[in-house]
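**Student:** Got a structure for you, written out below as structure tokens; questions coming shortly.
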Amino acid sequence: MRTLSVPMLLRASSNLFSGRQTASIIRSSIHRQSVCGGSRRIRLFSGNGDWNRELSKPQDFDVTAPIIREARILSLTDPHDTANDPVNDAAKDPSLLPEGASLLAIGTCLEEFDMDTLKPQEPNVIFVSHPLAREPLAQLLQELPSIEWIHARSAGIDFVASPTLASSTEVIMSNAKGTFSSTLAEYTLMACSYFAKDLPRLLKQKADCNWTKYPVLEVRGATLGIIGYGDIGHAIARLASAYGMKVLALKRHVRDNDKNDPYCDAIYSSSDTDSLHRIFAESDYVVCATPLTAETERMIGREQFDQAKEGSVFINVGRGLVVDEDALVDALKAGKLKGAGLDVFAMEPLPTSSELWRLDNVLLSPHNMDMTETFMTEASTFFVEENLPRFLRGIPLLNVVNKAAGY
């Protein structure tokens, strides 16, 4: 049996729907007979907005609205991951969850869930954060037709992408985007400064007790190109604008009100094939903040790096598989790029055989630039305090994901 890669799974998922069908699915509500007990599902609406930890008002909904349904939750998580405690601690203290919500079981694979016990209880919510959750989530969806809503603790959903998930048209999915954006924006601007001020030289001179002055570059006035203008991209643009940078952005759909964006000097549509080339050609720093989908897989490669501005810097805080790493290495070794700041990679952990480890002009981090002391826990808390109360009251959810598109 052939093993499918994440992009292949996303592509298979995307092919299940036409664009019009997908839009219809996302807008539609869920309303069908439950298999067990004949009870009716209460209508579940798709979301009415996105969450951002810096900009959103906490519990911005009618908290006095009556609870009209139960939330019977399965936690597809690692029980030893303390970031899941806002959810999983309810196994010991049910009062930690909102009224009307209950945690039925915690597990990392199908075998850890007792289906004979669970099926009569009609679980209708899955909270997922386990990195190997793709297969067990698909299995749970097949075994439990009562599932109405899946919430991912992450921003990206490529780790659970499958044809089964994409075809579950009556299941709404949400994620935790908006929780991790600020720290990734800080990393991006730090990477810009790292190369502008030549920190490797500074550190070497300190180690050598070498007092030699050298000229540095300003970040102010430089051009930053952002590939993927979602919540992370917006957070990057806000900081870059505050630094006095010129900001260009590339997004899937450009809308009329984008011309009023306070942080971007220009926003281009990815449907224009020249736009990506333009971002690379005009930018002193290019940051990739796109999710991994069938369309974005290896979208950045040799052609883009060949057209990059001489001496520019490439930064990736999105997904490693979006970039052709061999082409990136060649551009770095040839001096076409001054450097690269990389927090994500095609294969993680990054193999010791990768040349990226040995290149002096690479700032490398182990996919941890969103791992602050609190953000992962905050992502779980967002589920408990923001979306779960909305679900219980039949209020539209935040951060609803287009499962077919992959984000």
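Please treat every number below as a calculation from the coordinates, not as lab data. Model, not experiment: these values are computed from the prediction. Cβ atoms come from the backbone with ideal geometry, glycine included; neighbour counts cover every protein chain shown.
**Student:** Where a Cα-Cα gap under 16 Å defines reach, which lysines qualify for LYS403, not counting those fewer than 8 residues away within the same chain?
**Tutor:** List returned: LYS177.
**Student:** If you rank ASP284, ASP85 by fewest surrounding Cβ atoms within 10 Å, what's the result? Don't skip to the answer; put the middle values down first.
**Tutor:** Values: ASP284 22, ASP85 14.
Taking fewest neighbouring Cβ atoms as first place, the list is ASP85, ASP284.
**Student:** Of the peptides 313-325, 262-274, how do they stack up when ordered by the mean number of other Cβ atoms within 10 Å, highest first?
**Tutor:** Numbers: 313-325: 24.5, 262-274: 14.9.
Ranking, from highest mean packing down: 313-325, 262-274.
**Student:** I would also like to ask the following. Once the Cβ-Cβ distance between LYS259 and LYS92 is put in as r, and R0 is 35 Å, what FRET efficiency do you end up with, to the nearest 0.05? Numbers along the way, then the final one.
**Tutor:** Details: r = 52 Å, r/R0 = 1.50.
That gives a FRET efficiency of 0.10.
**Student:** Roughly how far apart, in whole Å, are the Cα centres of region 299-370 and region 238-265?
**Tutor:** Using only Cα atoms to place each centre, the spacing works out to 24 Å.
**Student:** Let me make sure I get this right: for region 269-320, a, b and c are the square roots of the gyration tensor eigenvalues over alpha carbons, sorted descending. Under 1.5 in a/c it's rounded, otherwise prolate if a/b > b/c, else oblate. Which is it? Could you put the intermediate results ahead of the total?
**Tutor:** On the way: a/c = 1.85, a/b = 1.31, b/c = 1.41.
Oblate is the answer for region 269-320, as a/c is 1.5 or above yet b/c matches or exceeds a/b.
**Student:** Quick one: among SER193, SER162, SER380, which has the greatest mean-square fluctuation in a GNM of the chain with alpha-carbon springs under 10 angstrom?
**Tutor:** SER193
**Student:** What residue among GLY335, LEU350, ASN210 has its Cα farthest toward the positive end of the dipole of region 181-364, where the charges are +1 on Lys, Arg and -1 on Asp, Glu, each on the Cβ?
**Tutor:** In region 181-364, that residue is ASN210.
**Student:** Ranking request for peptides 90-98, 200-208: highest mean number of other beta-carbon atoms within 10 Å first, then the rest in descending order. Before the final figure, lay out the partial values.
**Tutor:** Working: 90-98: 13.2, 200-208: 11.7.
Per-residue Cβ counts within 10 Å, averaged per peptide and sorted highest first, yield 90-98, 200-208.
**Student:** Ok, one more. Estimate the FRET efficiency between THR212 and ARG298 by the formula 1/(1 + (r/R0)^6), using the beta-carbon distance for r and 56 Å for R0, to the nearest 0.05. The partial results should precede the final answer.
**Tutor:** Values: r = 42 Å, r/R0 = 0.74.
The pair THR212/ARG298 has a calculated efficiency of 0.85.
**Student:** Please order CYS192, CYS109 by the number of other Cβ within 10 Å, starting at the fewest. Let's see the in-between values first.
**Tutor:** Details: CYS192 24, CYS109 14.
With the sparsest Cβ surroundings first, the list reads CYS109, CYS192.
**Student:** If each residue of separation counts as 0.36 nm, what is the full-extension length gain between THR372 and HIS277 once their alpha-carbon separation is subtracted? Spell out each step's value before the answer.
**Tutor:** Values: separation 95, 0.36 × 95 = 34.20 nm, distance 3.38 nm.
Residue separation times 0.36 nm, minus the Cα-Cα distance, leaves 30.8 nm.
**Student:** While we're here: Under 29 Å Cα to Cα from LYS338, which lysines show up? Leave out anything in the same chain fewer than 8 places away.
**Tutor:** LYS197, LYS204, LYS206, LYS213, LYS246, LYS251, LYS309
**Student:** Right, next: Please state the relative contact order of region 131-226 as a whole percent: Cα pairs under 8 Å, 6+ residues apart?
**Tutor:** Values: 65 pairs, mean separation 22.3, N = 96.
So the answer I get is 23 percent.
**Student:** Related question: Where does the chain land at 222 nm, in deg cm²/dmol rounded to the nearest 500, when only DSSP H runs of n ≥ 4 count, each adding -39500 (n - 2.57), divided by all residues?
**Tutor:** -8000 deg cm²/dmol
**Student:** What share of Cα pairs, in percent, lie more than 23 angstrom apart in region 181-364?
**Tutor:** On the way: 6544 of 16836 pairs.
Cα-Cα pairs in region 181-364 separated by more than 23 Å: 39 percent.
**Student:** For the chain, take every pair of Cα atoms, bin their distances at 10 Å starting from 0, and report each bin as a whole percent.
**Tutor:** 5, 21, 30, 23, 14, 6, 1, 0
**Student:** A further question on this structure: Among DSSP beta bridges whose residues both lie in the chain, state the antiparallel percentage, nearest 5.
**Tutor:** Details: 3 of 47 bridges.
Approximately 5 percent, going by the DSSP bridge assignments.
**Student:** Ranked highest first by average number of other Cβ atoms within 10 Å, how do 112-120, 393-401 line up? Before the final figure, lay out each step's value.
**Tutor:** Numbers: 112-120: 12.6, 393-401: 20.4.
Result, highest mean first: 393-401, 112-120.
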